[in-house]
Amino acid sequence: MLTISGMPSVSLVASPSPIRADAVVVGVQSTKRGGRLAAGAEQVDDALGGRLGAALKALRAKGKPDEVAKIPTLGLAEFPLVVAAGLGDDPADAEAVRRAVGAAIRGLSGYRRVHVAIDAPVSALAEGALLGAYTFSDYKSNAPKPVLRTVTIVGPRAARAELRRAVTVADAVILTRDLVNTPPNDLYPQTFADRAAALAAERRLAVDVLDERALKRGGYGGILGVGKGSVHSPRLVRISYRPDPAKGHVALVGKGITFDSGGLNLKTSHMAWMKSDMGGAAAVIASTLALAALEVPVAVTATVPMAENLPSATSYRPSDILTMHNGRTVEVADTDAEGRLILADAISRAVEDEPDALIEASTLTGAQLVALGPRVIGAMGEQGWRDEVVAAAGEVGEAAWPMPLPDDLRSGLDSPVADLVNVPSERFGGMLVGGRFLAEFVPASLPWVHLDIAGPAFNTGGARDYTPKGGTGAGVRTIIAAVERFADSR
C-alpha cells in the first residue's frame, strides 16, 4: 500500500473474490454498436449475474471519453455501486485509461473504498486514480474531509516498482498543483523559496537560495529588474541532486513569477489566474524532488528564478536597460514580457555548470494559447533534444507539439541601444519569439528545450478526466520521463 499525504492509498491486489468495496470502476469501450465492457470487468459482471452489459445499454452508455455512468447493484453484489467510465475506441491506450479512471474517481469522493476493475497498466490506473482524487480546499473554512481512503487495482506483485513510480510521479504533479493553487498573498518569492528549500532539505538535496543582496552581487539584472515593483523581493533557488554514479547532468530551469500584473504595461485581461505564472517553477521543483526519489542515475540541477511583477513607483519601466547575469544587455520594450528576462538570468547561471542537456518550462506567452490552445505544450529548442522531450511527453500522456525557432525572427530582437530588446515591434509569432529570445542565452553546442506551458498549466474551465479546475501540474510527467530517457540513452 502506497500513500500520498492527504490522498487515498493505492494498493495492488490479486483478482479479489469476492470484491469488497463501496464502489467498483469498470471500463467501457466505444464501438460502432455502442458501449462494450472492457477487459477486467468479467468478475464484476459475473457478480451481477451477467446483467452489466444490459444495464449499460439501458443507460445508453457510449464509452466516450469522460463519460461516466453510475449503476446501483441493488443488493446483487457486495459492492453497492458500479461506475462505468468511457475509454474511447482504444482501451489499450494508457492515457485513455488514465483519463477514464480519473473521471470516475472524481465522482466518488464520498466513497471510502474503491476498486478499479480495468485490465490496464498499473501506472495508468494508479496515476488516474490519484490525480482524479485531487482537491484543493486549504482555504475553505467548512471543507468536508475527504472520505475516499483506499483504491485497489489488480496487478501482480512484480508490478510494485511500477506502482511506486506512479505514486512518486503523481505526488510531484499534486505538489505542483498545490503550489500553483496557493494564492499570491501567501506564495510570493520569499515564501516560495522557503517552501522549495524545505522540500529539498526533507529529501537531503543541496539547496542554495539567493536573496536580493546575493542577486545584486551576482549581477542578476533581469530578476532584480522585474522584482523591483513589489515589496516582496525576488529570489533565485538552486536545488541539486547528485547520484553516484551519474550518467551525465541535466539542468532544469522554471519560471517563477508568483503573480503577474504585467507591471507598468498592465494586463487588460486574464489577470485573475496570473497566480499560475509560477507553474514552470513549481513543475521544475517537483520534478527534481521526484527524480531524486526515483533515484534516476542523472545529476540534476534546478535553477528557479522567483519574482512578483507589479506596478509601483519603483517598478522597472519600458525603455529601461537591464544587464543580465552573463553580461548581455536587454532593452525593456514591454514590462509584461517579464518571464524571459528572469529566465535569461537563470539560464545564464544554469549553463555555467556545463550540463549535458537543459529543459526549461514556463508559462511564457499568451501566444501559446493562440497557437496551440489550452491543452498542448509548445516545445522549442535544439531539434534532436526537443524531439526526445516531445516523445517523452507522448509516452506519459501529455500533449506536446514541436515548434520551430526560425532564424528570421532574430532580427526583430535587435535593439538600437542594447544587445537585445525583450519584444519586437511586430507581435506575430509571439510564442516562437519568446523561445528565440531564450535561445540567445543558450550555448550553441548545448541540447536544450523550452516548454511553453502557458495554457496547459492552469485549467480555467470545468474539471475533466483527471484534470481539476485550477492548477494542473502540466509538464511534470514530461520532465521526469525526459530525464529518464536521457539516462537510458547513456
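The values are calculated or read from the model by the stated rules, or taken from the named source; none is laboratory data. Bear in mind the structure is a predicted one, so any value in this text is a computation, not a measurement. FYI the Cβ positions are ideal-geometry reconstructions off the backbone, even for glycines, and counts take in every protein chain you see. Please note that ligands, DNA and RNA were not included when accessible areas were found on the heavy atoms of the full protein model with its side chains. Shrake-Rupley method; radii C 1.70, N 1.55, O 1.52, S 1.80 Å.
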So which residues in the stretch 263-282 are aliphatic (A, V, I, L, M) and assigned to a loop (DSSP other than H, G, I, E, B)? L264, L266
In the stretch 368-419, which residues are open to solvent by 40 Å² or more (accessible area, probe 1.4 Å), charged (D, E, K, R) and under 27 Å from M324 (Cβ atoms)? E382, D407, D408, R410, D414, D419
Of the residues in the stretch 295-310 that are assigned to a loop (DSSP other than H, G, I, E, B) and in contact with a Lys or Arg (Cβ under 6 Å, 6 or more places away or on another chain), the one that is least open to solvent (accessible area, probe 1.4 Å) is V298
Does A350 satisfy the condition of being closer than 15 Å to I479 by Cβ and outside any helix (DSSP H, G or I)? no
Grab the strands (runs of 3 or more DSSP E) fully contained in the stretch 217-262, keeping just those with 3 or more residues being open to solvent by 10 Å² or more (accessible area, probe 1.4 Å). 235-241
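Residue-wise test of (1) small (G, A, S); (2) farther than 30 Å from D66 by Cβ.
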{"position": "G397", "(1), (2)": "yes, no"}
{"position": "P424", "(1), (2)": "no, yes"}
{"position": "L432", "(1), (2)": "no, yes"}
{"position": "E440", "(1), (2)": "no, yes"}
{"position": "D465", "(1), (2)": "no, no"}
{"position": "E484", "(1), (2)": "no, no"}
{"position": "D488", "(1), (2)": "no, yes"}
Those residues of the stretch 460-473 which are open to solvent by 10 Å² or more (accessible area, probe 1.4 Å) and closer than 27 Å to L358 by Cα, in sequence order: T472
Among the helices (runs of 4 or more DSSP H) contained in the stretch 25-132, which hold 2 or more residues that are closer than 21 Å to R165 by Cα? 94-106, 122-132
Top-ranked residue of the stretch 408-447 - restricted to ones that are acidic (D, E) and under 18 Å from M380 (Cα atoms), ranked as farthest from the chain's Cα centre (by Cα): D408
Residues to consider are A158, A214, A193; find the one that is open to solvent by 30 Å² or more (accessible area, probe 1.4 Å) and either touching a Lys or Arg at 6+ places or on another chain (Cβ under 7 Å) or free of Cβ contacts under 8 Å to residues at least 24 places away in the same chain (or both). A158
Hey, can you tell me all the residues within the stretch 271-289 that are open to solvent by less than 10 Å² (accessible area, probe 1.4 Å) and either of a type in the set (V, I, T) or under 19 Å from P183 (Cα atoms) (or both)? S276, D277, M278, G279, G280, A281, A282, A283, V284, I285, A286, T288
Answer with yes or no whether A292 is surrounded by fewer than 22 Cβ atoms within 10 Å (Cβ to Cβ) and on the phi < 0 side of the Ramachandran plot. yes
Could you tell me which of the residues E360, E352, E295 is within 16 Å of the chain's Cα centre (by Cα) and under 21 Å from H249 (Cα atoms)? E360
Some residue of the stretch 311-330 being in a helix (DSSP H, G or I) and out of contact with any Gly (no Cβ under 6 Å at 6 or more places or on another chain): no
Among residues of the stretch 430-459, those that are open to solvent by 40 Å² or more (accessible area, probe 1.4 Å) and among the small types (G, A, S), counted: 2
